[in-house]
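This report concerns only the one structure given below.
The values are calculated or read from the model by the stated rules, or taken from the named source; none is laboratory data. Computed from a predicted model, the values in this text were never measured in an experiment. Here the Cβ positions follow ideal geometry from the backbone for every residue, glycine too, while neighbour counts run over all protein chains shown.
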Amino acid sequence: MMTIQTSKEELIALSQFALAEAKKQGASSAEVGISRGDGLSVDVRMAEIDKLEYHRDQGLGLTVYFDNAQGAASTGDLSEGAIRDAVRAACNIAKYTSEDDCLGLADAELMATEFPELDLYHPWELSAEEAIETAIRCENAAREYDPRITNSDGAGISTYSGFNAYANSHGFAAVKASSSHSLSCSVIANEASGEGMQRDHWYTSSRLATKLDSAESVGRTSAEKTLERLNAQKLSSREAPVMFIPQLASGLLSHYKSAVGGGSLYRKASFLVDSLDTKVFPEFMRLYEQPFIPQGARSAAYDGEGVATRERDIVTDGVVQTYLLGSYSARKMGLQTTGHASGVHNLTADSTGQSYEEMLALMDTGLLLTGLIGSGINGITGDYSRGATGFWVKGGVIQYPVEEITIAGNLKEMFANIVAVGNDWDDRISTRTGSILLEKMMISGE
Amino acid sequence: MNLMDIAEASLLTPYELDTNKLDHVFDHLVGPKTDLADLYFQSKRSEGWVLEDSIIKSGSYNISQGVGVRAVSGEKSGFAYSDEISMDALLASAKSASAISKAGQNGRIKSWERQTAYTALYSPENPLDTLTESEKIELLRLADKTARSASPYVEQVIANIVAVHETILVADQNGHMSADVRPLVRMSVTVIIEKDGKRESAGCGGGGRFSLTYFTEADRIKGYVNEAVRQALLKLEAVDAPMGEQVVVLGNGWPGVLLHEAVGHGLEGDFNRKGTSAFSGRIGEQVASKGVTVVDNGTMQDRRGSLTIDDEGVPTQCTTLIEDGVLKGYMQDKMNAGLMGEKSTGNGRRESYDSLPMPRMTNTYMLAGEHDPQEILSSVKNGLYAVNFGGGQVDITSGKFVFSASEAYLVEDGKVTRPVKGATLIGNGPDIMNRISMIGNDLALDDGIGVCGKAGQSVPVGVGQPTLRIDGLTVGGTAA
C-alpha cells in the first residue's frame, strides 16, 4: 500500500514530466491534470450478490499552447512513452488550431498559494464480504418494511478514493486527495391489485464511511419513499404554487449557475446576459460560496486552472454579485477569472427560516415536487418544461401522490417568483439549500 | 487482414499475450459454478475539433485502452478491469472478478475457435486518417461560412467534428474469440441567432460508422447548416405551447425517440428478468395498437447504432419487439438470456472495457404503415405536430416517459399553423402505444446523432419511425 505522500509525489513527478516534455516539444506553455483512484462497488438484489466491481482508474489530460493556439490530448496509460505520445498528439493539433488571444493559462498571479487542509481523504478499507453483508442488510430492511414492497431493484454500496493532480508551466503544481462513499437502495411497490407498480430510492453519501446513515435506515427510507408513490394520480391542468424539495431546489439553483456561467455568457447563450448588479431574485435571496468547508463535497483551494478560490457572495439581496468565470470566458468578456473554471465550490442558499412543515403550510395548496424527468430547458430563453412527480397538497397537508404531469414556466420568472427557502437542508447534496417555494407554475395534466 | 488478425495484432501481440496465456487467465477466472466468463480487450482513439467565433478554437486527441474481466455465476457478476494490458493485470483482475464464485482449475479452454464468419457492417478503416487535419478544419470553416451567409441574424456558429476508431476483442470461457473494428464519426453545427433583441439557438448534425469523407459529400454540411438556421429562426416566432392532453402527430425519423423511451428501455432483458419493467411478463399480450410493429435492428449497414458483433461477441440481429401490436420479445445479452431461458439477441453492449455489458438498444424503429402523412395531419381537428426533439427519459417501472419537443406546431382544422415553444411531452409507455391510431408510410431513421444513457453508460444508438398520430398525450406547455 502506497502512502498518501508517495502517491502525491508520484503524480507530481508525472505532471512535471509531461510539462517538461511539452516544453521540449516546443510549447510556450502547458497544463496537465492527472487522476488516479480505486474503489469497490457491490450491488445486491433479492439478498444475493448482483455485481461485484473493482475499479482502478487513471488518466492524464493535457493542453499545450503555442503562443495562442491550443492542442489537447488525453491518455489512460501513464507510462512515460504514452505521455510523450500524448504531448506529441497535442502539439500536432496545435499546428492546426487558430490563434486566440483569450486562450492560455490563467494569469500567474492568480494561482493559489495557500492550501488549507480540507480533510477530504478518508479511504474505506471495505472488504467485499462486508460490503455484501451491509448492502443485504439495507435491502432486507426495505423488503421487510411492508408487504406491498414486492420487488427490488437492489441495494448498492460503493467506495472510491483517489488523487487528482493539476500542474501548469507557471510552476503551479498541487494534488488533491479525496474519497467518497455511498450506500443506496431502490425497491418496487405494488398495490394488492397488482396495478401501478412504483419504484423509488434513497441513498446516503459522505467522504467518511463513519458518517454514512445506517444500512437499515437507508433501506427503510427507500421503502417509505416507494410506498408513498402508490396510487399516484394525474392532475387536471392548472396554475398552482410549486414547492421543490431540497434535492430539486439544488437543481433549480444549478440552472442559475449555468445562466451566469462564463460559457453561456460569452456566447450570449443565456437568459441572464448583462445581469451583473441586477436583481434576479427577491430581496431576501442570498447565495454564497464557501470553498474551505472541511469534508465538503465541492471543497477546493484552487479551481481547474490553479486559480485560488475564495469565499464570496454570488447573490446578495437578490442581486447578481458576480458571474462564474474561468480565464477563457473572462478574457472573452474583458473581465478577470472568478476562480470558477470548475464550477462553484460549495454553494449555500440562505433560508428564510421555515421548516419543511412550515413551508408546506406556507404553500397551503399546491404541488410538492419530489421528482423531475427529462431535460426540457432552453438556456437562451429560460423556457422550462419538464415531467414531474410529487404530491398534491391542500391546507398544508399532503393529499395524494401525483404523476404523469409536467411543470412549465420561465426560469427568469421562476427565480423572481421564489416565495421562501426552507431550512430543511439535505446534507447529501453539495448545494446547501432547503426546499424552495415558487409562487406559481403551469401544471399540465389531464 | 481480417478483423481478428487486426485485433490480435493490436490488442494481444504487443503485450506478449497469446491463447496459451489466456488459457491460464481463464484457469484463474472460471470455477465449477461459473456460467459465463469473458475478457474484453479494447483500444480506442478519438479526435475532435471545435470551431467557434469563426476560428478553430480547440482540438483534442484521446487514447484509451484496457481489458475488462468478468465472471458470471447465476445472477451474480464479478468484474474487474485494468487500463494496462498485461498478463499480471489480467491475473489480478481474474482473481478479483472470480470472487463471486470459487474459481480453480476449471477454466482450461479445450480449443480456441476464432469467430470470423460474420460479415462486417462497416469498414475497419481508421476514420481519423480519412481526411487530413487541414481537410477536417476546412469542413468546420465551410459550416461557419455557410451559416453566416445563410442568414444575417446568425451571431455565433459552433461546429464540431469527432472521429472515433475502436478495436475490440472478446474471448469467452468456451474458447470463442471474436473481434470487431469500429469506426464512428459525427459532425454537428449549432447556431445562435439574434433578431430584434431576441436570441435563439438550434443545432443539426449527423454521422455513422464510416469515413469522414461522408461530410465532404455534396451539400451535406449545407444541409446541416440550413436546417439549424431554419429551426433557430422558427423558434423566434414560436408562441406558447398548449397545455393538457392533446392529439399529437409526430413527424418521421428522429421523433422515434418516443419508441426508444416509451417501449425500448422497458423491453431490455435485464429489467424483465428482474420483473421491474412495466412490460414484464407480457409477452404475447397486445401492448400496442394493431398495425404497430417495432424492431431493434443492429444489422443496418453503416448506421450509428449498428454493430457487426455486440460487446459479448454475438453477431447483432433484427429482433422483432412488437408485431402488429403484440409483444414478441425482449432485447437480451448473454447473462439475462441465459437466466430467462432465451438466446442472446446480440444486444450485449458496454460503454468501454471498464464497464459491465448490459442489454442495450441498437437501431430501434417502427415499421411503416399505409397512411400518407398529409392525410394524418388532415385528420386532426386541434392538436400538436411535433417534428423535432431534444432528448427523452423513462421510468421503466411506472412506464412514465418524457421527451422534449424542440420544433412543434399547432394543428388547427387539419392544417399546420403556428410554431410553438419547446415543450415536454409526457405519457405512459404501454398506454401511449395503444393510442397510436394512424401510422404513416414514410419510415425514416435519424441522421446518426443519438446517444443513449443507462446506468451511467453511454452508447451510440439509432431511432426511427414513420409519421404517427397519437390520440392523447400530455403536452407540457403554458397556454391554457
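General observations
- Within segment A:40-58, no residue that is more than 9 Å from chain B (Cβ to nearest Cβ) and part of a strand (DSSP E or B) sits with its Cβ atom under 6 Å from a residue that is among the hydroxyl-bearing types (Ser, Thr, Tyr) and surrounded by fewer than 20 Cβ atoms within 10 Å (Cβ to Cβ) at 6+ positions apart or across chains.
- Candidate set: segment B:443-480, residues that are in contact with a Pro (Cβ under 6 Å, 6 or more places away or on another chain) and modelled with pLDDT under 95; chosen: the one surrounded by the fewest Cβ atoms within 10 Å (Cβ to Cβ): B:ALA479
- If the condition is being in a helix (DSSP H, G or I) and crowded, with 20+ Cβ neighbours inside 10 Å, then segment A:19-39 contributes A:LEU19, A:GLU21, A:ALA22.
- Of all residues in segment A:96-155 being under 30 Å from A:PHE172 (Cα atoms) and in a helix (DSSP H, G or I), the one that is farthest from the other protein chains (Cβ to nearest Cβ): A:GLU109
- With respect to being touching a Pro at 6+ places or on another chain (Cβ under 7 Å), within 14 Å of chain B (Cβ to nearest Cβ) and under 28 Å from A:ALA420 (Cα atoms), A:ALA232 fits the description.
- Taken over segment A:378-402, the criterion of being small (Gly, Ala, Ser), more than 14 Å from A:LEU367 (Cα to Cα) and either crowded, with 23+ Cβ neighbours inside 10 Å or without any contact (Cβ under 8 Å) to a residue 40 or more places away in the chain (or both) is satisfied by A:SER385 alone.
- Residue in segment B:230-240 that is assigned to a helix (DSSP H, G or I), within 14 Å of another protein chain (Cβ to nearest Cβ) and crowded, with 23+ Cβ neighbours inside 10 Å present: yes
- The set of residues in segment A:261-282 being aliphatic (A, V, I, L, M) and under 16 Å from B:ILE158 (Cβ atoms) consists of A:LEU265, A:ALA269.
- Of all residues making up segment A:244-280, the number that are of a type outside the set (S, T, N, Q), buried (at least 18 other Cβ atoms within 10 Å of the Cβ) and in a loop (DSSP other than H, G, I, E, B): 7
- Here A:ILE377 passes the criteria (1) closer than 30 Å to B:GLU194 by Cα; (2) more than 9 Å from every other protein chain (Cβ to nearest Cβ) except the one numbered (2).
- Members of segment B:74-95 found to be more than 10 Å from chain A (Cβ to nearest Cβ) and closer than 22 Å to B:ASP333 by Cβ, listed by number: B:ALA94
- All positions within segment B:54-73 that are of a type outside the set (Ser, Thr, Tyr) and more than 8 Å from every other protein chain (Cβ to nearest Cβ): B:VAL67, B:GLY68, B:VAL69, B:ARG70, B:ALA71, B:VAL72
- Failed item, numbered, when B:GLY440 is tested on (1) modelled with pLDDT of 95 or more; (2) over 27 Å from A:ILE443 (Cα atoms); (3) surrounded by fewer than 18 Cβ atoms within 10 Å (Cβ to Cβ): (3)
- Scanning segment B:174-200 for residues that are under 19 Å from B:LEU121 (Cα atoms) and either without any contact (Cβ under 8 Å) to a residue 12 or more places away in the chain or β-branched (Val, Ile, Thr) (or both) yields B:VAL181, B:VAL185.
- Top-ranked residue in segment B:296-311 [being of a type in the set (A, V, I, L, M, F, W, C) and under 14 Å from the mean Cα position of the chain (by Cα); ranked as nearest to B:LEU443 (Cα to Cα)]: B:MET300
- Of the criteria (1) of a type in the set (A, V, I, L, M); (2) over 21 Å from A:GLU10 (Cα atoms); (3) over 27 Å from the mean Cα position of the chain (by Cα); (4) crowded, with 20+ Cβ neighbours inside 10 Å, which one A:ALA108 fails: (4)
- Every residue from segment A:29-58 that is hydroxyl-bearing (Ser, Thr, Tyr), touching a Ser or Thr at 6+ places or on another chain (Cβ under 8 Å) and modelled with pLDDT of 95 or more: A:SER29, A:SER41
- Complete set of residues in segment A:342-361 that are more than 30 Å from A:GLN399 (Cβ to Cβ), touching a strand residue (DSSP E or B) at 6+ places or on another chain (Cβ under 8 Å) and not acidic (Asp, Glu): A:GLY343, A:VAL344, A:HIS345, A:ASN346, A:LEU347, A:THR348
- Residues of segment A:78-102 classified as under 29 Å from the mean Cα position of the chain (by Cα) and crowded, with 20+ Cβ neighbours inside 10 Å, total: 1
- Qualifying positions in segment A:202-220 - assigned to a loop (DSSP other than H, G, I, E, B) and either of a type outside the set (A, V, I, L, M, F, W, C) or crowded, with 17+ Cβ neighbours inside 10 Å (or both): A:ARG207, A:LEU212, A:ASP213, A:SER214
- Verdict on A:GLU239 being more than 15 Å from A:ILE157 (Cβ to Cβ) and either within 12 Å of another protein chain (Cβ to nearest Cβ) or under 22 Å from the mean Cα position of the chain (by Cα) (or both): yes
- For segment A:392-446, filtered to residues that are of a type in the set (D, E, K, R) and assigned to a helix (DSSP H, G or I), the residue that is farthest from the other protein chains (Cβ to nearest Cβ) is A:LYS412.
- Single residue of segment A:428-443 satisfying the filter (crowded, with 24+ Cβ neighbours inside 10 Å and polar (S, T, N, Q)) that is farthest from the chain's Cα centre (by Cα): A:SER435
- Criterion applied to B:SER398, B:SER406 was being under 16 Å from B:GLY251 (Cα atoms) and within 14 Å of chain A (Cβ to nearest Cβ), and the one residue passing it is B:SER406.
- Residue count for segment B:272-285, restricted to those that are over 17 Å from A:GLY196 (Cα atoms) and either among the aromatic types (Phe, Trp, Tyr) or surrounded by fewer than 16 Cβ atoms within 10 Å (Cβ to Cβ) (or both): 3
- Every test in (1) more than 8 Å from every other protein chain (Cβ to nearest Cβ); (2) of a type in the set (Ser, Thr, Tyr); (3) surrounded by 23 or more Cβ atoms within 10 Å (Cβ to Cβ) is passed by B:THR13 save one, and that test is (3).
- Of the residues in segment A:197-212, not one is farther than 30 Å from A:PRO246 by Cα and not β-branched (Val, Ile, Thr).
- Selection of segment B:132-154 for residues being within 13 Å of another protein chain (Cβ to nearest Cβ) and either of a type outside the set (Gly, Ala, Ser) or surrounded by 14 or more Cβ atoms within 10 Å (Cβ to Cβ) (or both) yields B:THR132, B:GLU133, B:GLU135, B:LYS136, B:ILE137, B:GLU138, B:LEU139, B:LEU140, B:ARG141, B:ASP144, B:TYR153, B:VAL154.
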